[in-house]
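Quick one: this structure, given as structure tokens, is what I'll be asking you about.
The values are calculated or read from the model by the stated rules, or taken from the named source; none is laboratory data. None of these values were measured; they are calculated from a predicted model. Every residue, glycine among them, receives a Cβ derived from its backbone with ideal geometry; neighbour counts consider all protein chains shown.
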Amino acid sequence: MKNKFNLTRDQNIFIAKRNIVDYIWKSANLEGIGVTYPETQAIYDGGIVNGLTVDKIIAINNLKYAWQFILENDEIEYDFKTLCHLHKLICDKLVLEQNLGKLRSTPVNVGGTTWKPQFPIESQIKEELERLLNQTDKTKTEIAIEVMLWIMRRQMFIDGNKRVAMLFANKIMIDNGCGIITISQANQPTFFEKLIKFYESGDNTNLKQWIYETSIDGIELNNNNN
């Protein structure tokens, strides 16, 4: 799986900032936060939006702050600590404070399937993440997609797992000039269909390839792809 884009970090950050509202809007809707693009833009700009619940407004602002965190800090480690910090940013004021940045201690159900994720154990999470990140035979694009899907299936937090997964994966993508993973509104039904199959089987092959083909945003420059 080749890198689709060969950008510098600054070029990738430029792309992210130019399309930041679109990425936030799509990410929010991916996790069932029903807002329109104009509403997302207004919230991002600090405006007043009538007719939305407080939780939806908080969720959009939290995504804004989380994106700012990954774009403005190039020294962030790809580790368990960063996963937990992203959860704190994304779910601030949306889950109980004692659950922020903490592995869940209660069982969860996943809509659309009877499959249940295993309980997360910190030592296992750290070991699995390190193993995924250190695959020397795969490109950064493939690693980022695999890490994203692993976080989604692991369901390690009480809420916000897909948002955490996409932000963490996009940190890898941006730092390595590989573009942005973003799932369009039109593609979200197909994504969920494939995601459920991945949850049940544990085989990411089909979903990983689909994301690679449909859901990576970037700009073609006069650079050679790796």
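Go through (1) buried (at least 20 other Cβ atoms within 10 Å of the Cβ); (2) within 18 Å of Ala169 (Cβ to Cβ); (3) among the aliphatic types (A, V, I, L, M) for Ala59 and report which single condition fails.
(2) is the only condition that Ala59 fails.
Checking the condition surrounded by fewer than 21 Cβ atoms within 10 Å (Cβ to Cβ), of a type in the set (Asp, Glu) and over 26 Å from Arg9 (Cα atoms), which residue from Glu200, Glu146 passes?
So the residue among Glu200, Glu146 that is surrounded by fewer than 21 Cβ atoms within 10 Å (Cβ to Cβ), of a type in the set (Asp, Glu) and over 26 Å from Arg9 (Cα atoms) is Glu200.
Also, I was wondering about something else. Of everything in segment 109-137, what is in a loop (DSSP other than H, G, I, E, B) and over 11 Å from Gln155 (Cβ atoms)? Give them in sequence order. Spell out the reasoning first.
Narrowing segment 109-137 to residues in a loop (DSSP other than H, G, I, E, B): 109-121, 134-137.
Gly111, Gly112, Thr113, Thr114, Ile121, Asn134, Gln135, Thr136, Asp137, listed by residue number.
For segment 1-97, which helices (runs of 4 or more DSSP H) that fit wholly inside it have 2 or more residues that are hydrophobic (A, V, I, L, M, F, W, C) and in contact with a strand residue (DSSP E or B) (Cβ under 9 Å, 6 or more places away or on another chain)?
The helices (runs of 4 or more DSSP H) meeting that bar are 9-18.
Sticking with this structure for a sec: Right, Gly111: in contact with a Lys or Arg (Cβ under 6 Å, 6 or more places away or on another chain) and small (Gly, Ala, Ser) or not? Break it down stepwise before answering.
On the way: in contact with a Lys or Arg (Cβ under 6 Å, 6 or more places away or on another chain): no; small (Gly, Ala, Ser): yes.
It is false that Gly111 is in contact with a Lys or Arg (Cβ under 6 Å, 6 or more places away or on another chain) and small (Gly, Ala, Ser).
Out of everything in segment 82-120 that is in contact (Cβ under 8 Å) with a residue 60 or more places away in the chain and within 17 Å of the chain's Cα centre (by Cα), what residue ends up being surrounded by the most Cβ atoms within 10 Å (Cβ to Cβ)?
Ile90
Would you be able to say whether some residue in segment 31-38 is surrounded by 18 or more Cβ atoms within 10 Å (Cβ to Cβ), farther than 20 Å from Ile172 by Cα and not basic (Lys, Arg)? Steps first, answer last, please.
Step one: of segment 31-38, the residues surrounded by 18 or more Cβ atoms within 10 Å (Cβ to Cβ) are 33, 35.
Checking the rest, the ones that are also farther than 20 Å from Ile172 by Cα come to 33, 35.
Subset that is not basic (Lys, Arg): 33, 35.
Checking segment 31-38: at least one residue is surrounded by 18 or more Cβ atoms within 10 Å (Cβ to Cβ), farther than 20 Å from Ile172 by Cα and not basic (Lys, Arg).
From the list Glu31, Glu97, Glu39, Glu75, exactly one residue is modelled with pLDDT of 95 or more and among the acidic types (Asp, Glu). Which is it?
Testing whether each residue is modelled with pLDDT of 95 or more and among the acidic types (Asp, Glu) leaves just Glu39.
Would you confirm whether any residue within segment 39-52 is within 19 Å of the chain's Cα centre (by Cα) and either closer than 27 Å to Pro120 by Cβ or surrounded by fewer than 17 Cβ atoms within 10 Å (Cβ to Cβ) (or both)?
No - not one qualifying residue is present in segment 39-52.
Within segment 165-222, restricting attention to residues that are assigned to a helix (DSSP H, G or I) and of a type in the set (Asp, Glu), which residue is farthest from the chain's Cα centre (by Cα)? Before the answer, list the steps.
Just the residues of segment 165-222 that are assigned to a helix (DSSP H, G or I), to begin with: 165-175, 188-201, 205-214.
Those still in the list that are of a type in the set (Asp, Glu) too: 175, 193, 200, 213.
Numbers: Asp175: 15, Glu193: 18, Glu200: 20, Glu213: 17 Å.
Within segment 165-222, the match that is farthest from the chain's Cα centre (by Cα) is Glu200.
With the checklist (1) in contact with a helix residue (DSSP H, G or I) (Cβ under 6 Å, 6 or more places away or on another chain); (2) under 14 Å from Leu86 (Cβ atoms); (3) basic (Lys, Arg) in hand, flag the one item Lys102 doesn't pass.
(1)
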